[in-house]
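*Asks:* Please see the structure below; I have some questions.
The values are calculated or read from the model by the stated rules, or taken from the named source; none is laboratory data. Treat the numbers as computed from the prediction; the structure is a model and nothing was measured. Counting neighbours? That spans all protein chains shown, and the Cβs are built from the backbone with ideal geometry, glycine included.
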Amino acid sequence: MGVFWTGLKYVFTDFSCWTSTHGVPHIGMANARWLRVFWIVVVLVSVALFIWQFITLLTNYLSFSVNTETTLQFAERTFPTVTICHLNPWKMSATKATDADMSSLIDAYNTETSSVQFGLPESLTSARQQQASKWTLMYSERLKNKQNFDDFYNPSYGNCIQFNNNGEFVSSRAGPLYGLRMVIRTDQATYLPWTEASGVIIDIHMQDETPYPDVFGYFAPPGTASSLGVSYVQTSRLSSPYGTCTDQTTLETTHYTGAYTVEACFRSCMQEKIVAECGCYYPAYAHAANATQYTSCDDGTNTLNNLNCVDLINNADSAQFDVLTDCDCPQPCKFVQFQKLH
């Protein structure tokens with residue numbers, strides 16, 4: 001053995017005798033070959049386990065995992081805004097009087113369906129005459145008048161009313177005696193003939209949020225007492241690198257403004273896509289009030305082609321546009337919602 005290898009052996013032997021590293025001194029001072037091999041295997045296995053554990057800890061750290069914490073509190077809260085819409089957007093008599101085309105469509109629909117009994121006796125297929133629509137609302141056992149309500153127009157349900165849109169009323173106790181109670185009468189005889197159901201749809205939301213009763217609304221049928229409880233839920237998420245939420249609190253786009261919500265972001269994105277692809281705006285979504293460079297897709301001249309173009313974009317199975325991947329609408333990091341308890 002050369003001088004180099006002899007010196008190297010001496011260095012390792014001396015290191016193994018004086019080092020405090022676990023297992024290594026046993027390798028250098030072993031008096032039998034099998035014992036030295038045993039300690040070499042033990043040290044290598046220990047080093048491998050250390051490397052594995054280190055990589056595991058590093059991977060877990062770089063994944064930025066989070067825990068979910070839930071806190072239950074009882075406190076006075078601002079009562080939410082309640083948006084109430086009839087399922088029938090327009091009265092049939094008023095529609096026939098103001099729109100000749102709609103009047104012809106109603107007459108044609110009634111003519112084609114008047115002789116259809118659907119297997120039921122004639123007495124059950126005739127329309128029931130009811131009283132005109134009326135709203136009687138009480139909050140905390142106090143009768144409210146029309147000054148406590150605001151008008152709101154929804155493209156799907158027409159004129160709606162909103163209660164507590166300015167956040168005037170607060171609530172600190174649960175139960176129907178300390179909330180909003182309503183008695184609503186619907187005049188089904190004035191419904192458009194193709195309206196599938198009667199009743200109202202209710203959406204509960206924050207004061208600065210745009211209501212979407214067609215997506216988040218609760219249907220209350222006539223002739224029954226519907227009870228709807230709500231719970232105030234405040235959610236806070238960690239932003240990047242722990243998640244993909246956005247700190248954006250307001251939505252300032254061409255078509256939608258107000259509090260940032262995923263639904264408003266989706267609709268704004270889809271409206272932008274419709275304007276770009278179809279050259280018109282979809283009237284069921286909000287649009288810029290002062291837009292002059294494009295018109296409604298229901299313009300009366302090229303309506304059928306426009307609506308076909310809109311359907312290709314709105315269709316959830318469309319290959320041309322996917323709202324989940326083509327729209328940048330992450331969840332908000334901090335938001336408040338009212339969970340409905342039926």
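*Asks:* Please go through region 182-209 and give me each residue that is modelled with pLDDT of 75 or more, buried (at least 18 other Cβ atoms within 10 Å of the Cβ) and assigned to a loop (DSSP other than H, G, I, E, B), ordered by number.
*Replies:* The answer is Thr186, Gly199, Met206, Glu209.
*Asks:* Out of the residues in region 236-255 that are in contact with a Cys (Cβ under 9 Å, 6 or more places away or on another chain), among the polar types (S, T, N, Q) and in a strand (DSSP E or B), which is surrounded by the fewest Cβ atoms within 10 Å (Cβ to Cβ)?
*Replies:* If we take residues in region 236-255 being in contact with a Cys (Cβ under 9 Å, 6 or more places away or on another chain), among the polar types (S, T, N, Q) and in a strand (DSSP E or B), then Ser236 is surrounded by the fewest Cβ atoms within 10 Å (Cβ to Cβ).
*Asks:* Kindly indicate which of Pro283, Pro222 is in a loop (DSSP other than H, G, I, E, B) and either outside the structural domain of Gly179 (by TED's automatic domain parsing) or among the acidic types (Asp, Glu) (or both).
*Replies:* Of the residues listed, the single one that is in a loop (DSSP other than H, G, I, E, B) and either outside the structural domain of Gly179 (by TED's automatic domain parsing) or among the acidic types (Asp, Glu) (or both) is Pro283.
*Asks:* Given the structure, is Cys278 outside the structural domain of Tyr153 (by TED's automatic domain parsing), within 22 Å of the chain's Cα centre (by Cα), among the hydrophobic types (A, V, I, L, M, F, W, C) and surrounded by 18 or more Cβ atoms within 10 Å (Cβ to Cβ)?
*Replies:* So Cys278 does not fit the description; no.
*Asks:* Say we look at region 152-181 and pick out the residues that are hydroxyl-bearing (Ser, Thr, Tyr) and either outside the structural domain of Leu87 (by TED's automatic domain parsing) or under 22 Å from the mean Cα position of the chain (by Cα) (or both); which of these is surrounded by the most Cβ atoms within 10 Å (Cβ to Cβ)?
*Replies:* By that ranking, first place goes to Tyr157.
*Asks:* Between a first residue in region 42-62 that is farther than 19 Å from Tyr242 by Cβ and assigned by TED's automatic domain parsing to the domain that holds Ala30 and a second residue that is outside any helix (DSSP H, G or I) and polar (S, T, N, Q), which pairs have beta carbons less than 9 Å apart while being 6 or more apart in sequence or on different chains?
*Replies:* So the pair list comes out as Val43/Thr21.
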